[in-house]
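The values are calculated or read from the model by the stated rules, or taken from the named source; none is laboratory data. Remember, predicted model here, so these are calculated numbers, not experimental data. In this analysis, Cβ positions are derived from the backbone assuming ideal geometry, glycine residues included, and neighbour counts consider all displayed protein chains. When the accessible area is computed, the model is the full protein with side chains, heavy atoms only, and any ligands, DNA or RNA have been set aside. Shrake-Rupley method; radii C 1.70, N 1.55, O 1.52, S 1.80 Å.
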Amino acid sequence: MSEEKLYAVKNDEGKYWDFEDQDGFWELNTVTLATVAGEEGAKCVAHDHGGHVVTFVEEPKKVVLTKEQAEIVEKARVSDIPATYISARTDEYNGEERLLMNAYVNGYTVAKEKKYLVYKELGGKQKNKHEQVAQAYRSNLFFDTIIWLIKEHKIMSSDASDQFTEAGIEHYGLQDCEKEEVTDDGE
């Protein structure tokens, strides 16, 4: 991984060398050109005019992982040999070693699981010309079951009881039903 760096020269008063005008140290907001790409040039200025070299390195982007992948990275953090732990686990996950190593080193975020509303078209026009649909809900009365509520049209709701993840759709056998992704903004 190649890192691109920029260098500045800062003095003990917290002022920066202006590489454009080459005329001294100034407040950062007044400097025309505060950085250079070459470390040697910055070192020469620090040697000749005082101050010290400040290195700017672009922060690497965090990797987006699934929950399962994040668990591997977290377990690697407490392992005696993290790289070996990750390597051994990536055989099970289609060789994602580079991705997980990157997450271990640079940090990660866990991907938000998509949620869906699940429907069945029932047909049968109502007097107001809308199709009837049945929407799936997890039952609060009977553990591990769903109930179907008949509605005149599809309704987007933010209630968690009517939202299913892909795993939930598979668990309840709803793969053949129409599904509509629920977005964060409620659309």
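Side notes on the structure shown:
- Residues of the stretch 51-75 satisfying the condition of being surrounded by 13 or more Cβ atoms within 10 Å (Cβ to Cβ) and not acidic (Asp, Glu): Gly51, Val53, Val54, Val63, Val64, Leu65, Thr66, Gln69, Ala70, Ile72, Val73, Lys75
- Leu100 vs. criteria under 30 Å from Asp162 (Cβ atoms) and under 17 Å from the mean Cα position of the chain (by Cα): no
- Looking across the stretch 39-79, the residues that are charged (D, E, K, R), within 30 Å of Val9 (Cα to Cα) and under 24 Å from the mean Cα position of the chain (by Cα) come down to Glu58, Glu59, Lys61, Lys62.
- Taking every residue in the stretch 161-182 that is in a strand (DSSP E or B) and pairing it with any residue that is of a type outside the set (A, V, I, L, M, F, W, C) and loosely packed, with under 13 Cβ neighbours inside 10 Å, at least 6 positions away or on another chain, the pairs with Cβ-Cβ distances below 9 Å are Phe164/His171; Glu178/Glu121; Val182/Ser158.
- Single unsatisfied condition, Lys43 versus (1) touching a residue at least 40 places away in the same chain (Cβ under 8 Å); (2) surrounded by 12 or more Cβ atoms within 10 Å (Cβ to Cβ); (3) among the basic types (Lys, Arg): (1)
- Looking only at the stretch 7-36, and only at residues there that are hydrophobic (A, V, I, L, M, F, W, C) and open to solvent by 80 Å² or more (accessible area, probe 1.4 Å), the one that is farthest from Leu99 (Cα to Cα): Trp26
- Meets criteria (under 21 Å from Asp12 (Cβ atoms), at pLDDT below 95 and touching an Asp or Glu at 6+ places or on another chain (Cβ under 6 Å)) for Val36: no
- A single member of Leu117, Leu141 is at pLDDT 80 or above, out of contact with any Phe, Trp or Tyr (no Cβ under 9 Å at 6 or more places or on another chain) and more than 30 Å from Tyr85 (Cβ to Cβ), and it is Leu141.
- Filter result for Ser157 (surrounded by 13 or more Cβ atoms within 10 Å (Cβ to Cβ), at pLDDT below 85 and assigned to a helix (DSSP H, G or I)): no
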